[in-house]
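So the structure is just underneath, and the comments pick up after that.
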Amino acid sequence: MSDDRLIAPYLSAAAEGLLVLPTCGRCGTVHWYPLPLCPACQGTWSWQPASPRATLVTWTVVHHAFSPELAGHVPYLVALAEPDGAPGVHLVTTVIGTDANRLSVGMRLAVDFAETLTGTAHLPVYRVIDEPVG
Amino acid sequence: MNARSQRAAIITGIGESAFSRRAGVPFYALQTEAIQRALVDAKVMPGQVDAVFTESALMPSLYPVDVAEASFGLTGMRQHGYLGSVGPGVALALKTAGQAVRAGTAECALVYFGCNWGTASGATYDFHTKYPSKFAVEVPYGFYAQPTYFAMMARRYAHDTGISVDQLSETLCRIAVGQRKRARLNDNAQKTRDLTVAGYYADRMISDPLRASDCCLISDGAVAFVVTAEQVARDSGRDNHAVLLGAGYARTGLTEESCLTQGAAYPAMPAARASATAALGEAGVSPGELDFAEIYDCFTISLLLQLDQLGRCPPGESRYLVAPLGEDGGPDWNGDAFPVNTHGGLLSQAYILGANHITEAVKQVRGEAGRGQLPRSGLGVVQLAPSADHATLVFGRSR
């Protein structure tokens with residue numbers, strides 16, 4: 001949807017080091033990206049703190065930059081992380097502090113906040129944690 | 001038997017412009033040429049066209065219906081519509097044309113589509129900045145351009161199907177190398193330089209595990225179809241018509257901004273299953289009866305994700321349907337093998353967003369695919385993705 005007011009609270013929270021996600025007040029479903037209604041029950045939702053823990057869904061190491069802003073950064077890692085309690089929600093993110101060749105699907109992650117690759121935003125990033133895979 | 005089931009929707013005419021990296025002529029010239037060729041192929045006069053259907057994302061600005069109407073003198077047009085987005089949108093336009101013909105509200109429908117993304121190459125990536133959410137929380141991480149999306153799907157797919165990424169790459173390589181060989185048999189193909197297995201692995205990595213040859217081309221080109229009732233088809237004098245036997249269209253339930261990353265099924269494509277089931281059901285055809293498939297291959301992995309949903313194998317086992325490479329370096333389709341992307345696909349023929357898959361299916365069914373003609377091609381399927389929707393078309397010979 002071409003109205004950036006839907007996503008704005010997420011960005012403000014992230015700037016303060018808080019991960020919030022659209023959470024339904026009626027059925028509790030967490031959805032992503034934000035929609036006018038809860039897609040599970042059409043209830044109203046609000047931004048609620050999400051679990052700092054997540055699971056690594058997948059990742060890639062980008063070698064070819066498709067925009068001039070990214071050209072100085074290759075190769076770099078981008079990943080999808082599924083926060084606990086939010087099945088099917090996949091945050092685009094990166095994993096820091098670990099070499100890409102040590103990653104595996106299903107690894108447990110903990111959220112942190114950092115300047116992103118492009119230096120244009122302060123957003124969630126993840127670190128691998130030593131925790132049994134649930 | 002009711003009246004509806006007695007009427008068939010026949011693809012009486014097809015037309016293609018030349019497909020190329022940069023056409024060097026304006027898009028309208030390509031689309032005009034494709035429509036002219038389709039009308040000539042169908043042996044219909046423009047005044048006979050009573051319905052026009054096209055795609056809704058690109059065509060309203062690239063080649064709107066009123067331009068087709070006024071240029072060709074489509075004075076008999078009594079209905080028209082802009083339908084769906086990109087590849088599945090073209091299929092939805094054909095599905096709608098077929099429904100109109102079968103319902104008797106049209107006798108002769110024109111469907112057209114093309115794209116100029118070879119010349120307007122940045123247009124491919126507009127998708128990522130068009131949506132505020134994507135722009136705000138994807139682009140800052142460098143999550144930009146389609147290879148990134150599909151590389152992530154590929155890695156997850158390997159995990160979900162219980163194989164290593166290297167094992168997956170072995171299948172992706174066979175797809176890329178095999179389709180290049182097929183493009184070399186196609187007189188309207190853009191990329192015909194030979195590709196070997198060694199060449200595939202030597203390619204530069206774009207977004208791991210996808211290499212350059214896993215990624216589709218970008219192209220300029222246009223196609224058109226004339227969909228008619230039986231009498232118009234008979235008047236054309238042709239006796240090898242392709243019939244649109246079934247058409248299915250299904251949605252993912254996700255928005256355009258979320259459909260390539262989100263959802264509990266990720267990266268599987270349940271909408272592809274729903275559209276295939278609908279199309280095959282309407283055609284009265286079982287997946288095992290199909291002679292060939294043309295599958296939307298924006299990336300090699302995209303082909304596997306959709307083939308998984310065709311019902312020809314259990315989900316996750318489509319890699320076993322990808323033919324081994326024969327002595328000539330092309331796909332070995334002898335025996336029970338299932339020919340896929342006989343024209344070279346988006347990877348090696350051209351990136352006409354899957355509209356070229358539809359023209360190829362019609363050519364194969366007619367027996368007019370030139371050096372790429374399959375020996376058995378009476379029944380074919382086209383699967384078009386991949387976005388917030390999916391479409392499947394089934395074509396067979398007229399009786």
- Tell me which of these residue A:46 doesn't satisfy, since it passes every other one: (1) of a type in the set (S, T, N, Q); (2) more than 14 Å from chain B (Cβ to nearest Cβ); (3) surrounded by 19 or more Cβ atoms within 10 Å (Cβ to Cβ). (3)
- Note on the structure: If we take segment B:145-225, then helices (runs of 4 or more DSSP H) inside it with 1 or more residues that are touching a Pro at 6+ places or on another chain (Cβ under 8 Å) are B:146-160, B:165-183
- Considering only segment B:226-284, how many residues are within 14 Å of another protein chain (Cβ to nearest Cβ), surrounded by fewer than 18 Cβ atoms within 10 Å (Cβ to Cβ), part of a loop (DSSP other than H, G, I, E, B) and of a type outside the set (A, V, I, L, M, F, W, C)? 3
- Message: I'm told residue A:81 meets every condition in (1) assigned to a loop (DSSP other than H, G, I, E, B); (2) surrounded by 19 or more Cβ atoms within 10 Å (Cβ to Cβ); (3) touching a residue at least 24 places away in the same chain (Cβ under 8 Å) except one. Can you identify the failing condition by its number?
- Response: (1)
- Message: It is to be established whether one or more residues within segment A:97-116 are assigned to a strand (DSSP E or B), within 12 Å of the chain's Cα centre (by Cα) and at the interface with chain B (Cβ under 8 Å from one of its Cβ atoms).
- Response: no
- Is it true that residue B:194 is within 14 Å of chain A (Cβ to nearest Cβ) and of a type outside the set (A, V, I, L, M, F, W, C)? no
- Go through segment A:6-19 and give me each residue that's part of a loop (DSSP other than H, G, I, E, B) and either of a type in the set (Lys, Arg) or within 11 Å of another protein chain (Cβ to nearest Cβ) (or both). A:6, A:7
- Message: Give all pairs with beta carbons closer than 7 Å in which a residue from segment B:115-139 that is touching a residue at least 40 places away in the same chain (Cβ under 8 Å) and more than 10 Å from chain A (Cβ to nearest Cβ) meets a residue that is crowded, with 17+ Cβ neighbours inside 10 Å and in a helix (DSSP H, G or I); count only pairs at least 6 apart in sequence or on separate chains.
- Response: B:116/B:27; B:116/B:62; B:117/B:124
- Query: under 17 Å from residue B:366 (Cα atoms), out of contact with any Gly (no Cβ under 7 Å at 6 or more places or on another chain) and surrounded by fewer than 24 Cβ atoms within 10 Å (Cβ to Cβ) - does that describe any residue in segment B:23-39?
  - Reply: no
- Item | Odd one out for residue A:69 among (1) out of contact with any Leu (no Cβ under 8 Å at 6 or more places or on another chain); (2) assigned to a strand (DSSP E or B) | (2)
- Query: If the Cβ limit is 8 Å and pairs must be 6+ apart or interchain, which residue in segment B:158-176 that is over 17 Å from residue B:332 (Cβ atoms) pairs with which residue that is basic (Lys, Arg) and part of a helix (DSSP H, G or I)?
  - Reply: B:161/B:319; B:163/B:319; B:165/B:155; B:168/B:319
- Scan segment A:20-40 residue by residue and report those that are within 14 Å of another protein chain (Cβ to nearest Cβ) and in contact with a Ser or Thr (Cβ under 8 Å, 6 or more places away or on another chain). A:22, A:29, A:30, A:32, A:33, A:34, A:35, A:37, A:38, A:39, A:40
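Just to be sure, is residue B:287 of a type outside the set (A, V, I, L, M) and either surrounded by 24 or more Cβ atoms within 10 Å (Cβ to Cβ) or at pLDDT below 95 (or both)?
Details: of a type outside the set (A, V, I, L, M): yes; either surrounded by 24 or more Cβ atoms within 10 Å (Cβ to Cβ) or at pLDDT below 95 (or both): no.
No.
The values are calculated or read from the model by the stated rules, or taken from the named source; none is laboratory data. If you're wondering where the values come from, they're calculated on a predicted model, not measured in any experiment. A quick note on method: Cβ atoms are made from the backbone with ideal geometry, for glycine too, and the neighbour counts reach across all protein chains shown.
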